[in-house]
Amino acid sequence: MSFASPATILEQAKHAWKRNIADHRRMITVYALVAFSLPLMVLAINVFLDQLLADTGGLSGIGLRSTLETIQTVLSTATQILLPFWSLGLSYNALAISRSQTVSTDNLFAGFRCWGAALRLMILRTLRYTTKILCGVFLGSLLFSVTPLSDNLLAISNALANDPAYATATAEELLAALAERITFWDMAPYYIFCIAGAALLAIPLFYRYRMSNYVLLDSQKPGALFALYESSRMMYRNTSQLFKIDLKLWWYYLLLFLALLISFGDLLLPICGITLPFSDIWAPVVFSLFSSALQFALYFLFGGQIETIYACVYTSLKESEGGNEPL
């Protein structure tokens with residue numbers, strides 16, 4: 001099983017997206033409006049609730065504070081749970097576009113229609129990713145500890161352990177003193193080893209499961225384990241081809257990363273010594289609003305077509321083994 005060359009896939013996706021571009025633009029606009037306005041609404045509500053929390057003091061306000069904090073937690077958790085199901089609707093429409101079928105804003109709810117299987121797929125996939133990442137971090141830290149790059153950290157630790165001033169210090173005091181002596185650049189090699197180890201183990205698994213959402217949405221009786229197995233089977237010996245497509249889209253992922261990075265501007269700019277012209281309360285809202293606006297623009301201009309590219313990969317893989325099932 002294999003799919004067409006990256007150049008062919010990109011050309012197919014371009015023609016499929018332009019075939020009925022007005023409906024496709026309408027669909028991606030609705031998707032992006034919900035995907036980026038919902039977190040902003042939750043953030044604004046949380047800022048308002050933070051103001052209320054600041055005004056509730058003393059024992060008499062314990063019940064109200066507990067209620068407001070619960071509301072904040074529920075809203076944030078609900079957003080994180082709902083948005084992945086919403087994104088499945090975009091994948092469903094992209095799959096329809098790749099097969100020259102009609103798209104609809106109603107199909108954006110496709111992920112909610114198979115929510116049980118979709119939830120199990122997300123949980124299983126996350127657990128496997130997390131396991132690989134943790135194993136990779138352990139492998140990276142182990143390799144770092146046997147290289148000369150760890151000598152500096154070891155010297156700092158030994159100097160602290162032999163310091164008479166800390167002879168009777170507790171474990172917490174020793175950790176605090178160690179944190180004061182170790183700089184970011186001392187830890188940088190360790191971080192690099194851990195990230196490299198996590199990437200080494202997690203990235204191959206990530207590519208194995210790249211088609212799992214499409215398998216789930218395209219199945220008559222969707223199942224999480226079947227989606228993972230079928231995605232692994234489809235991606236066997238096709239990872240390098242899909243990686244080439246990702247490389248061709250590097251500019252899109254870079255722009256998305258930069259747009260996402262802006263949302264942390266209230267944290268990053270003060271570190272760089274830049275004073276913000278507005279209060280700390282509204283800084284997260286301002287940067288999140290700007291970041292969401294940029295992400296919305298990227299999705300409106302390119303997001304639907306990018307998703308269609310990967311849907312075309314899935315469709316090509318299905319065609320190579322004898323045809324497609326209708327959505």
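Values quoted throughout were computed directly from the atomic coordinates according to the rules given, and no laboratory measurement underlies them. Source: prediction; values computed, not measured. Here the Cβ positions follow ideal geometry from the backbone for every residue, glycine too, while neighbour counts run over all protein chains shown.
Quote the charge dipole size of the chain about the Cα centre in Debye, to the nearest 20; the model charges only the Cβ of Lys and Arg (+1) and of Asp and Glu (-1).
1520
Any idea which of PHE85, PHE48, LEU289 is furthest toward the positive side of the dipole for region 6-320, if Lys and Arg beta-carbons carry +1 and Asp and Glu beta-carbons -1?
My answer, from the dipole projection, is PHE85.
Which part of region 12-30 falls in the paramagnetic zone of SER100, meaning amide N under 18 Å from the point 7 Å along Cα-to-beta-carbon?
12-24
Which of LEU119, LEU216 has the fewest other C-beta atoms within 10 Å, and how do the rest follow up to the most?
Going from least to most buried by this count: LEU119, LEU216.
Given 20 °C and 1.002 mPa s, how large is the Stokes-Einstein diffusion coefficient of region 29-135 in µm²/s, with Rh as the Kirkwood radius over Cα pairs?
Result for D is 129 µm²/s.
Based solely on its DSSP helices, what 222 nm [θ] is calculated for the chain when runs of n ≥ 4 H residues each add -39,500 (n - 2.57) and the sum is averaged over all residues, nearest 500 deg cm²/dmol?
-25500 deg cm²/dmol
Just to compare against my own numbers: the Cα pair-distance distribution for the chain, 10 Å bins, whole % per bin, please.
5, 18, 25, 24, 17, 8, 2, 0
Cα to Cα, under 30 Å, and not fewer than 8 places away if on the same chain: which lysines meet these conditions relative to LYS221?
Candidates past the 8-residue exclusion: LYS132, LYS318.
In the chain, with Lys and Arg counted as +1 and Asp and Glu as -1 at Cβ, which of these residues, ALA171, LEU249, SER316, has the Cα nearest the positive end of the dipole, that is, farthest along it?
SER316
Cα to Cα, under 18 Å, and not fewer than 8 places away if on the same chain: which lysines meet these conditions relative to LYS14?
Output for LYS14: LYS244, LYS248.
What is the gain in length, in nm to one decimal, between LEU205 and THR168 on full extension, counting 0.36 nm per residue of separation less the C-alpha to C-alpha distance?
So the chain would gain 8.6 nm between LEU205 and THR168.
Using 0.36 nm times the number of residues separating PHE112 and PHE290, minus their current alpha carbon distance, what extension gain do you get?
61.2 nm
What is the extension gain from ARG128 to ALA54, computed as 0.36 nm multiplied by their sequence separation minus the C-alpha to C-alpha distance, in nm to one decimal?
22.6 nm
Could you please rank CYS194, CYS272, CYS312, placing first whichever residue has the fewest other Cβ atoms within 10 Å of its Cβ?
The fewest-first ordering by Cβ neighbours comes to CYS272, CYS194, CYS312.
Among 171-184, 218-231, 149-162, how do they line up from the highest to the lowest mean number of other beta-carbon atoms within 10 Å?
218-231, 149-162, 171-184
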